[in-house]
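Worksheet for the structure shown next.
The values are calculated or read from the model by the stated rules, or taken from the named source; none is laboratory data. These figures come from a predicted structure and were not determined experimentally. Surface areas here come from the heavy atoms of the whole protein model, side chains and all, with no ligands, DNA or RNA. Shrake-Rupley method; radii C 1.70, N 1.55, O 1.52, S 1.80 Å.
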Amino acid sequence: MEDGDSKGKIVKEAFPSEIVCIIGDILAGIVLSVIILPFKSFLLLILIIPALLSLRGNLSSPYIARTSRDFIIGEFNFSSLIQNVFATYSLAMITGLIIGFFSFILNLILLKSNLIPWISLIFIPIISISLTLSISIPFSTLLNYIAFKNGLDPNNIVNPIMTAIDDFLTVICFFLTLLLLGVP
């Protein structure tokens, strides 16, 4: 059981990060609303977003936790970083493919629309999450390092901040992917 000082330290470290997370997520939602509404395929695209945001969280959070752990226990090195990055991207490709497949099935069953070609439905989540991770991984690693070097617990600080940043990045990368694939 933690004593009062430890609990106070956790709250003191985590609270500002949580505020950043809340503000960042609200901004990401506003940006998403503005950029996705004009698309003719809005109904299908809005079905993909929650899965992408969940996927992003399910990939980034373990990556951040493993990196943080490696800094704390003094085992952060190039080999562990490469393994962590490879595992994160592997999971991203597999789960992105599954999201794309389910988007295709939902489109066939519910919307019966052919506005978006099936191959684009498969690639939208894969490309979006790959772009997001390509920015997020170096940034979260650096943020973990900075927190650790300043005597803060990266587990209390990095994840909430990266949640806001990653949600915003996911929205922007999703939009860029739609433009790249020529989604109507």
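Here the ratio of the Cα radius of gyration of the stretch 108-164 to 2.2 N^0.38 Å is 1.77. The largest-to-smallest principal axis extents of the Cα set in the chain are 58, 34, 28 Å. Straight-distance candidates among the lysines for linking to LYS149, with alpha-carbon spacing under 25 Å and chain neighbours fewer than 8 residues away dropped: LYS7, LYS9, LYS12. Extension gain for LEU81-SER6 works out to 24.1 nm (0.36 nm per residue, less the C-alpha to C-alpha distance). The portion of the accessible surface of the stretch 55-184 made up by carbon and sulfur, rounded to a whole percent, is 74 (1.4 Å probe; DNA, RNA and ligands excluded). Between 0 and 90 degrees, the angle of helix 154-181 with respect to the longest Cα principal axis of the chain falls at about 20 degrees. Across the stretch 116-184, the mean sequence separation of Cα contacts (distance under 8 Å, 6 or more residues apart), normalised by length, yields a relative contact order of 51 percent. May I ask you to list the lysines whose Cα is less than 16 Å away from that of LYS40, ignoring any residue fewer than eight positions away on the same chain? Correct list for LYS40: LYS112. Residue by residue, the stretch 46-51 carries 3J(HN,Hα) couplings of 5, 6, 7, 4, x, 5 Hz when phi is fed to the Karplus relation 6.51 cos²θ - 1.76 cosθ + 1.60 (θ = phi - 60°); x denotes Gly or Pro. So how tilted is helix 4-36 from the main axis of the chain? Cα-based, degrees 0 to 90, rounded to 10. Once rounded, the angle reads 20 degrees. Note on the chain: helix-only mean residue ellipticity at 222 nm, from DSSP H runs of 4+ residues weighted -39500 (n - 2.57) and normalised by residue number, equals -30500 deg cm²/dmol.
Hey, what's the chain come to in accessible area per residue, 1.4 Å probe, Å²?
54 Å²
Karplus-based coupling profile of the stretch 54-64, in residue order and whole Hz: 5, 4, 4, x, 6, 9, 5, 4, x, 4, 4, with θ = phi - 60° in 6.51 cos²θ - 1.76 cosθ + 1.60 and x standing for Gly or Pro. Restricted to Cα atoms, the stretch 1-97 shows a radius of gyration and a Dmax of 18.1, 56 angstrom. Measuring between their Cα centroids, the stretch 5-52 and the stretch 133-184 lie 11 Å from each other.
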